[in-house]
Structures are given as C-alpha cells and as structure tokens.
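Here is the structure we will look at, set down as structure tokens.
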Amino acid sequence: MAVITLDPSWLADCLALDRCALQGLWTEDQWRRELEEPRRLCLGWTEDMSLLGVACGWLVADELHITVVAVDPSVRRRGHGKRLLSALLQRARQQGAIHATLEVANHNSAAIALYASGGFQSAGTRTKYYSDGSDALIQWCRISPSK
Ligand SMILES: CC(C)(COP(=O)(O)OP(=O)(O)OC[C@H]1O[C@@H](n2cnc3c(N)ncnc32)[C@H](O)[C@@H]1OP(=O)(O)O)[C@@H](O)C(=O)NCCC(=O)NCCS
C-alpha cells in the first residue's frame, strides 16, 4: 500500500477508476493532460499495483487548485481519501504553494466532510456550476504556516 506519483503509464487505470468512482467525469484526453503536464500534481493510492484512489491538482503561482479526489467505492471510509489529500497538500507545500482551493458540489456530503477534516472552509458559491444544475461551494485552505 503506497501513495505514488502517477505518470502517463497509469492512464488506463485512471480512466477505469474514473468510471467506477466518478461516473466517467473526465475523457482520456483530460486524464492524459493531468498526467503529463509538469505543473500538475497527480498522486495515486495503490495496492498490489491496483489503483484505488487519486488526488490531483494544478500549481498556479502559490496556489494549489485541486481538480479531483476519488477513491474506489469498495475501499471507502478507510482513510485513503484523507491520506491522499494530505499527501497532495504536502507535495504542493514542498513546491511553494501557500493556499489550496477547490470546488465541491453542495450536495456531496462525503467530499465536504473530507475537505473539512483537511481544514478547508467555504468562501463562496458558484450558482448552477455543474451540468445537473447544482451549486458549487468554493473552498480554501492555508497549507503553509503563516509567518
Ligand atoms: C470523497 C471521497 C474521496 C472520500 O474518500 P474516503 O477514502 O472514503 O474518505 P476517508 O475514509 O479518508 O474519510 C475521511 C473523512 O471524510 C469524511 N467522510 C468520508 N466519507 C464520508 C461519508 N460518506 N459521509 C460522511 N463523512 C464522510 C469523514 O469525516 C471521514 O473521517 P472518518 O472516517 O474518520 O469519520 C470518496 O467518497 C469518493 O471518492 N467520492 C466520489 C468522488 C468525489 O465526489 N470526489 C470529490 C469531488 S472531485
């Protein structure tokens, strides 16, 4: 069991996890970009070479913009999401990020609880942000200690 940095060789595994954990959120091209671009961080939780979770984000100036956190439904509520989120924040901090931000659907109670446990707080709402008409909460977290 390990948190690893995902490279493009994990593309098929990311797509398979996306289908079962995110109902097919991203296309193959979107995953390829996520895995190839140097300013993007993409971490995976693996067990016996199987990909069971991902946490990804973009580094933009001194901010980490989290794009996805997802865990295989068969292994949820075992702390994998929290470990992946914390590893992603730590990696971003090492690369100079001071704040992290994300959008989360206002009905996604599991993700909202996960992000709250990681120190995220809501700072606003994007109305009808998602294709199903639901709103997104905009959340922020300071990830570098203030001086
Ligand atoms: C959100 C998600 C990544 C959480 O992964 P996970 O591995 O189950 O999370 P963890 O076991 O690390 O849980 C960490 C904390 O989050 C909260 N949490 C996670 N799932 C929860 C749920 N279903 N209900 C309430 N709280 C939940 C709890 O506070 C939990 O701590 P606890 O177990 O000590 O109470 C997972 O549910 C998932 O993949 N969901 C679908 C994808 C998604 O919506 N991603 C977010 C937007 S991209």
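The values are calculated or read from the model by the stated rules, or taken from the named source; none is laboratory data. None of the values given here were measured: they were computed from a predicted structure. A quick note on method: Cβ atoms are made from the backbone with ideal geometry, for glycine too, and the neighbour counts reach across all protein chains shown. Please note that ligands, DNA and RNA were not included when accessible areas were found on the heavy atoms of the full protein model with its side chains. Shrake-Rupley method; radii C 1.70, N 1.55, O 1.52, S 1.80 Å.
Using the Cβ atoms and a cut-off under 12 Å, what net charge is assigned to the surroundings of residue 50, where Lys and Arg are +1 and Asp and Glu are -1? Walk me through the intermediate numbers first.
Working: positive: none; negative: 13, 47, 48, 72.
With Lys, Arg at +1 and Asp, Glu at -1, the neighbours total -4.
So for the range 13-147, taking the charge dipole from beta-carbon charges (+1 Lys/Arg, -1 Asp/Glu), which of 23, 144, 85 sits furthest toward the positive end?
Sorting the options by dipole projection puts first 144.
Filter the DSSP H helices in the chain by two things, a Kyte-Doolittle mean of at least 0.5 and an axial alpha-carbon span of 30 angstrom or more, and list the hits by number.
Working: long enough: none.
Span-like helices here: none at all.
Express the accessible area of the range 2-142 per residue in Å², computed with a 1.4 Å probe while the remaining protein chains stay in the model.
Result: 53 Å² of accessible area for each residue.
Suppose every Lys and Arg Cβ carries +1 and every Asp and Glu Cβ carries -1, with no other charges. What dipole size does the chain come out with about its Cα centre, to the nearest 20 debye?
Rounded to the nearest 20 debye, it is 620 debye.
For the residue pair residue 94 and residue 121, what label-to-label distance in nm results when each label sits 7 Å from Cα along the Cα-to-beta-carbon direction?
My value for the distance between the label points is 2.9 nm.
Could you work out, for the range 2-142, what percent of all Cα-Cα pairs fall into each 10 Å distance bin, beginning at 0 Å and stopping at the bin that holds the largest distance?
12, 43, 39, 6, 0
Under the rule that a partner needs its Cβ under 4.7 Å from the first Cβ, which Cys of the chain have none?
By the Cβ distance rule, which asks for a partner under 4.7 Å, the isolated cysteines are 14, 20, 141.
Through the Karplus equation 6.51 cos²θ - 1.76 cosθ + 1.60, θ set to phi - 60°, convert the phi angles of the range 130-142 into ³J(HN,Hα) values in whole Hz; use x for Gly and Pro.
Per residue, the Karplus-derived 3J(HN,Hα) values read 9, 5, 8, x, 7, 7, 10, 8, 9, 10, 10, 8, 7 Hz.
Under 13 Å from the Cβ of residue 36, count the other residues' Cβ atoms, weight Lys and Arg +1, Asp and Glu -1, and hand me the total. Please list the in-between numbers first.
Numbers: positive: 32, 33, 39, 40; negative: 7, 28, 29, 34, 37.
Summing Lys/Arg as +1 and Asp/Glu as -1 gives -1.
Sum -39500 (n - 2.57) across every DSSP H segment of at least 4 residues in the chain, then divide by the residue count to get the 222 nm mean residue ellipticity, nearest 500.
Rounded to the nearest 500, it is -9000 deg cm²/dmol.
Given the protein chains as shown and a 1.4 Å probe, how many square angstrom of residue 98 are accessible, to the nearest 10?
50
Under a 5 Å amide H to amide H cut-off, with H placed in plane at 1.01 Å, what residues pair with residue 143 once short-range neighbours are removed?
99, 100
Under the Karplus relation 6.51 cos²θ - 1.76 cosθ + 1.60, θ = phi - 60°, what is the ordered set of whole-Hz ³J(HN,Hα) values for the range 61-66, x standing for Gly and Pro?
Once θ is set to phi - 60°, the couplings for the range 61-66 become 6, 9, 10, 9, 9, 6 Hz.
Kindly report, to the nearest 10 Å², the accessible surface of residue 39 as traced by a 1.4 Å probe over protein heavy atoms only.
120
Answer with one residue from 59, 106, 129: the one whose Cα lies farthest towards the positive end of the charge dipole of the range 2-142, charges on Cβ with Lys, Arg +1 and Asp, Glu -1.
106
Report, for the chain, the % of DSSP beta bridges that are antiparallel, rounded to 5. Please report the intermediate quantities before stating the final value.
Values: 32 of 35 bridges.
Percentage antiparallel, nearest 5: 90.
Report the residue, chosen from 32, 78, 19, that carries the largest GNM mean-square fluctuation when the chain is represented by alpha-carbon nodes joined by springs under 10 Å.
Its mean-square fluctuation being the largest, the pick is 78.
Calculate one ³J(HN,Hα) per residue across the range 54-60 by plugging θ = phi - 60° into the Karplus curve 6.51 cos²θ - 1.76 cosθ + 1.60, and present them in order as whole Hz with x for glycine and proline.
Couplings: 9, 8, 10, x, 10, 8, 10 Hz.
Roughly how many Å² of residue 7 are accessible to a 1.4 Å probe, to the nearest 10?
Roughly 70 Å² of residue 7 is accessible to a 1.4 Å probe.
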